[in-house]
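What follows is calculated from the coordinates using simple rules that are stated; it is not laboratory data. Since we're looking at a predicted model, the values are computed, not measured. Don't worry about glycine lacking a Cβ; one is built from the backbone with ideal geometry, like all the others, and counts go over all protein chains shown.
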Amino acid sequence: MGQGFLWCFRDITQQRIADESRNQFVFTATHELRTPLANIKAYADTLAEADELGVEDQKRFYNIISNEATRLARFVDELLDVSQLEFGTVLAARSETDIERMIQETIENLRPQLLQKELKFETRLAPKIPSLVVDKDKLIAALVNLLGNAIKYTPEQGTVRLIVEPGDASLDFHVEDTGIGISPEELPRISQKFFRSQDARVQSLVGSGLGLAYVQEVARLHGGKLSIKSQIDKGSRFTLTIPLA
Ligand code: ADP
């Protein structure tokens, strides 16, 4: 019997990409957690140690601690929501849903944000919208995310529009704005977890970079997709496509 070699090739590229994105994930998540935690500790220590703090300062510090704790809790909730969808540990609670009523509920959820800003908000619903078998709560949360972003990233006097119309064997939810837009370089990365634009107008606002990742997972859960068109300084159009069947 002749002697031979057994060659063993292993493609480590995919493995390395997975490791890198996991490391990046851990780095970003811990960084997001560390900042509010450091603030909570610093203000709690000051309250415990400084004997001569006036009542006003004490109140101010308690408020900071409370706000930071709220921010932390919200971040952890959002992270859990996205991760559960990604890992498939939550199932869609689907039922036949009246879309017009669902849109009304979505707008109700956004009322506080809309009242805070002077914007034109328009809704356009196609005349005959079929009911859909969807996970209503998750779809509402996805639309609230898209519309919330449109409100957040559109300067005062701008316009935010929600258009619902039948597509090709689907129902399409378009969220349009006349806001700051997204550069072509950043557009492909916009739905990645934790991604936030380098644009100073984005950096000056609070956000976790998890909203669009959530929307994308909700689309996937329904066999649909999220597509984005945008022009910097002109505006954006996010389309959530949900198949009819
Ligand atoms: P967050 O808004 O918390 O930063 P998202 O995941 O919702 O996170 O959005 C990711 C990024 O995409 C934002 O930080 C912003 O840079 C960009 N973005 C999302 N929606 C819009 C929009 N309507 N107009 C301009 N940029 C947007």
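Rounded, prolate or oblate for the range 64-172? Axes are the square roots of the Cα gyration tensor eigenvalues, ordered a ≥ b ≥ c, and the cut-off for rounded is a/c under 1.5. Because a/c hits 1.5 or more and a/b fails to exceed b/c, the range 64-172 counts as oblate.
Considering helices alone, the calculated mean residue ellipticity of the chain at 222 nm is -16500 deg cm²/dmol, with DSSP H runs of length four and up weighted by -39500 (n - 2.57) and normalised per residue. Take every pair of alpha-carbon atoms less than 8 Å apart whose residues are at least six positions apart; their mean separation over the length of the chain yields a relative contact order of 16 percent. Of the chymotrypsin sites (Phe, Trp or Tyr not before Pro) found in the range 46-115, those that fall in a DSSP loop while having at most 13 other beta-carbon atoms within 10 Å are F87. Between D77 and I228, the contour length at 0.36 nm per residue exceeds the alpha carbon distance by 51.8 nm.
Legend: translational diffusion of the range 105-152 by Stokes-Einstein, Rh = Kirkwood radius over C-alpha pairs, 4 °C, 1.567 mPa s; D = 107 µm²/s. Under the simplified labelling scheme, the E86-Q24 pair shows an inter-label distance of 1.1 nm, with each label point 7 Å from Cα along Cα→Cβ. Pull up the DSSP beta bridges for the range 72-179 and report the antiparallel fraction as a percent, rounded to 5. If I count the DSSP bridges inside the range 72-179, around 60 percent turn out antiparallel. With N residues in the range 82-129, what two-decimal value do you get for its Cα radius of gyration over 2.2 N^0.38 Å? The range 82-129 yields a ratio of 1.60.
Dipole magnitude for the chain: computed about the Cα centre from +1 point charges on Lys and Arg Cβ and -1 point charges on Asp and Glu Cβ, it is near 600 debye.
Build a GNM of the chain with springs between Cα atoms under 10 Å apart, and of K193, K225, K41 the one that fluctuates most is K41. Using only Cα coordinates, the Kirkwood hydrodynamic radius of the range 168-209 works out to 12.3 Å.
Cross-link pairs exceeding 29 Å in C-alpha to C-alpha distance, out of K136/K234; K152/K229; K59/K138; K136/K193; K128/K193; K41/K193, comprise K136/K234; K59/K138; K128/K193.
How high is the FRET efficiency from K59 to Q198, r the C-beta distance, R0 25 Å, rounded to 0.05? After rounding to 0.05, the efficiency reads 0.10. Take the Kirkwood radius over Cα pairs of the range 155-245, plug it into Stokes-Einstein at 4 °C and 1.567 mPa s, and you get 93 µm²/s for translational diffusion. Largest first and in whole Å, the equivalent-ellipsoid semi-axes of the chain read 34, 32, 18, each the square root of five times a Cα gyration tensor eigenvalue.
Local charge for L79 was computed over the other residues whose Cβ lies under 13 Å away, with Lys and Arg +1 and Asp and Glu -1, and equals -3. Under 5 Å from the amide H of L132 lie the amide H atoms of T97, I99, each residue being 5 or more positions distant or on a separate chain, with H modelled from the backbone and absent for Pro and chain starts.
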